Amino acid sequence: MNNKRIYIFLLLLLFTTGLFAQTNADEQMAAQYYSAGEYEKAIEIYQRLFESSQNKLYYSFLLKSYENVGDFKQAEKLVQRQIKKYPQELVYLVDLGNIYLKSEKKPTKGEKQFNEAIEKLGLNQMQMVDLANAFEQIGQIKYAIETYKKGRQLFKNQTLFTFELSSLYLREGMNDEIVAEYLAFLDAFPEAMPTIQIQLQNLMANSPNDALSNSLRSALVKRIQKTPENRIYTEMMIWYSIQQKDFEFAFTQAKAIDKRFPADEGTQVFRVAGMAMSNNIFDVASEAYHYLIAKGASGQYYMQSRIGYLDAKYNRIISQLIIQPKEIQDLRKDYEQTLKELGQTASTVILMKNLGHLLAFYGNDIQGAADILYEAIEIKTPNTELTADCKLELADILLFAGDVWEASILYSQVEKAFKNDAIGSMAKFKNAKLSYYIGEFEWAKTQLDVLRSSTSKLIANDAMELSLLISDNMEDDSTYSSLEYYAKADLMMYRNHLDEALLYLDSLRILPASHPISDEVIMKEAEIRLKQGLYHLADSLLQELVKLYPHDILADDALFMLGELYETQFKNSERAMEFYERILMDYSGSLYATEARKRFRNLRKS
């Protein structure tokens, strides 16, 4: 008896396996016919497969095959059978309506089926989503939207399907409706603000124009005016302003929150100050920090704001092409007064570092700079990278003063301690550049070639450029005579001995234009003239470089510098835009491309 049962089981297994194999083979054959456009052959197989299994995938391909051969009668029969069999599955009504639209070209008959499907919706959220998806798949976005709206009515929930509706509105270019959806959701769920911001940020980033951005700004302004006591909209306006890089307006809104809601204790203002600093908008950052300082020493962000204010003022001054001596004197007094008040602690090490840089490179006080940096290095702080940064600053100052060997020792210490970190790579690069300055070109190139694979893109690019400069300027006799003069000019410029640097460069001007270092000489002289404030001379040199060496690695650098020069010094926006646009058109792979595009757009708007 047992043997008989086993025999029957094996027969069934073999039959089922064979049947499955046959079905699989038929499915592959039907798919091949469908892909090849042989729909008649595909129909024959899909009919058989669907009748035996009622698989929805087979139904879908069978329906499309009927439509592709224009057999709308069979298509209608197929769908009608499904409607009769599964009346609760409303997507079949969409299929039927779509058949009527395609076959009879009479929209009213098809629309009747669409409207009937929506009317038959019940309190079934999955049914609503399926129906809306069915409409979306055939391009009937209006009915997909109506489906979700009907769902809201049935569930009496106006925030239901917010993200689905926003996606549909996006397809239709309905920007005001997108904004209204997200802000209504935010009204109901204020805690969802980060999610809403991410969604809007992605939408605005991928928007082909500023329509969505303008809709959001307009809606926020209206809501702030209507309900100024609702801080949600003001916070959203701060976020929006930051996205648009309008930090001045963001600061204005942050102050409004601070005044209306004292419990905020300046949190929004402090956040805007930090964002402005991160984007190098130092004037707004200084103003925001000063606002917080004015609240008094008992304020939550007082100490951080004192540090931030000086940091912003410092970065604004050193980023200028020409620095006035009085600015340096005033800033030095601010640093010394702040350090006297706050003390030399782990929290103020950053101030000590910046003061050291200021004294050495702008105040002609090498000893004072070294003293304060040695003190900073001795302060115990959990931020070991900041201590290492102070060591690098001290090494830079020693190199500036001519103490090459002590500088190299400090660079090496940081490199060894942070071998696998970005600051260690920076120390290695600075040490390699020191070797280049003193004529040890082979050793410098060896170190630079290692750094070309650095995880820091900036360091890797700088290392590559300096390595190429060395390799390109080896003379026929395997010496570096021209490069030695250029490296000395480079070092003199670093030490701010500009006249001496120009003398070394003048000696290289006799070289033919085809010499690999000739473009570097022009660029270096242009940089010196910028430091001297001789802008028209710098302009001539940079334009000479672009004209003579349009395919050289420095061409895009020169174009960006020209754009900056015409934008900031000559106040000629049209000309500046020409230089930025040329980077975008002729040097699209340039490191300056992103910044050039941003500046070009800003100038075009102004």
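The values are calculated or read from the model by the stated rules, or taken from the named source; none is laboratory data. From a predicted model like this one, the values you see are computed outputs, not experimental measurements. Here Cβ is always computed from backbone atoms with ideal geometry, including for glycine, and neighbour counts include all displayed protein chains. Only protein heavy atoms, including side chains, enter the accessible area calculation; ligands, DNA and RNA are left aside. Shrake-Rupley method; radii C 1.70, N 1.55, O 1.52, S 1.80 Å.
Computed about the Cα centre, the dipole magnitude for segment 375-515 is approximately 440 debye when only Lys and Arg (+1) and Asp and Glu (-1) carry charge, each at its Cβ.
Identify, among 205, 190, 251, the residue whose Cα sits farthest towards the positive end of the charge dipole of segment 133-285, taking +1 on the Cβ of Lys and Arg and -1 on the Cβ of Asp and Glu, with the dipole about the Cα centre. The Cα lying farthest towards the positive end belongs to 190. Magnitude of the charge dipole for the chain, about its Cα centre and with charges confined to Cβ atoms of Lys, Arg (+1) and Asp, Glu (-1), is about 3380 debye.
Taking the centroid of alpha carbons for each part, segment 524-590 and segment 221-260 are 38 Å apart. Remark: accessible surface ordering of 480, 34 (largest first) is 34, 480, probe radius 1.4 Å.
Relative to the longest principal axis of the Cα atoms of the chain, the long axis of helix 39-53 lies at roughly 70 degrees. Taking only the C-alpha atoms of segment 209-299, Rg followed by Dmax gives 13.4, 46 Å. According to the calculation over all Cα-Cα pairs in segment 146-254, the P(r) per 5 Å bin from zero is 2, 12, 22, 25, 20, 12, 5, 2, 1, 0 %. For segment 65-75, 3J(HN,Hα) computed residue by residue from phi via the Karplus equation (6.51, -1.76, 1.60; θ = phi - 60°) reads 5, 4, 5, 5, 9, x, 8, 6, 5, 5, 4 Hz, glycine and proline entered as x.
Computed over segment 364-503, the alpha-carbon pair-distance distribution with 10 angstrom bins reads 12, 38, 35, 13, 2, 0, each value a whole percent.
The long axis of helix 302-318 is offset from the longest Cα principal axis of the chain by roughly 70 degrees. Projected onto the charge dipole of the chain (+1 at Lys/Arg Cβ, -1 at Asp/Glu Cβ, origin at the Cα centre), which of 179, 285, 46 gives the Cα projection farthest towards the positive end? Towards the positive end, the residue furthest out is 46. Normalising the Debye intensity of segment 447-574 to I(0), with uniform scatterers on Cα atoms only, and taking log10 at q = 0.11, 0.23 Å⁻¹ returns -0.42, -1.43.
Give me the dipole magnitude in Debye, nearest 20, for segment 89-235 about the Cα centre, with unit charges on the beta carbon: positive for Lys and Arg, negative for Asp and Glu. Don't jump to the answer; show the numbers that get you there.
Details: 17 positive and 19 negative charges, 76 e Å.
I would put it at about 360 debye.
Dividing the mean sequence gap of close Cα pairs (under 8 Å, 6+ apart) by how many residues the chain holds gives a relative contact order of 4 percent.
Could you give the distance between the Cα centres of segment 470-515 and segment 144-211, to the whole Å? That distance is 61 Å. For segment 174-233, the normalised intensity computed at q = 0.16, 0.29 Å⁻¹ comes to -0.48, -1.35 (log10 of I(q)/I(0), Debye sum over alpha carbons, equal scatterers, no solvent).
How large, in percent, is the carbon and sulfur part of the accessible surface of segment 136-288 at a probe radius of 1.4 Å? About 49 percent, which is the carbon plus sulfur part of the accessible surface. Counting only lysines at least 8 places from residue 112 when in the same chain, those with an alpha carbon closer than 17 Å to its own are 102, 120, 142, 150.
For the chain, what does the accessible surface come to per residue with a 1.4 Å probe? Please give it in Å². Walk me through the numbers before you get to the answer.
Working: 31920 Å² over 606 residues.
Per residue, the chain has 53 Å² of solvent-accessible surface.
Between the helical axis of 457-472 and the longest alpha-carbon principal axis of the chain there is an angle of about 60 degrees.
Mean sequence separation of contacting Cα pairs (under 8 Å, at least six apart), scaled by the length of segment 495-606, corresponds to a relative contact order of 16 percent. Surface composition of segment 508-606: carbon plus sulfur atoms hold 50% of the accessible area, using a 1.4 angstrom probe and ignoring ligands, DNA and RNA.
In whole percent, and with a 1.4 Å probe on the protein chains, what portion of the accessible area of segment 317-397 is carbon and sulfur? Taking all protein chains in place, segment 317-397 shows 49 percent carbon and sulfur surface. Close Lys pairs in segment 479-606, defined as Cα atoms under 18 Å apart and 8 or more places apart or on different chains, number 5. For residue 295, the lysines whose Cα comes closer than 27 Å to its Cα, not counting residues fewer than 8 places off in the same chain, are 245, 255, 259, 313, 333, 340, 353. Taking the helices alone, the chain has a mean residue ellipticity at 222 nm of -25500 deg cm²/dmol, built from -39,500 (n - 2.57) per DSSP H run of at least 4 residues and averaged over all its residues. Taking label points 7 Å from Cα along the Cα-to-Cβ direction, residue 195 and residue 129 give a separation of 1.3 nm.
Any chance you could run the full-extension gain for residue 52 through residue 298? It's 0.36 nm times the residue separation minus the Cα-Cα distance, nm to one decimal. Could the numbers behind the result be given before it?
Values: separation 246, 0.36 × 246 = 88.56 nm, distance 8.03 nm.
Stretched out fully, the residue 52 to residue 298 stretch lengthens by 80.5 nm.
The value obtained for the chain, namely the Cα convex hull volume divided by the number of residues, is 305 Å³ per residue.
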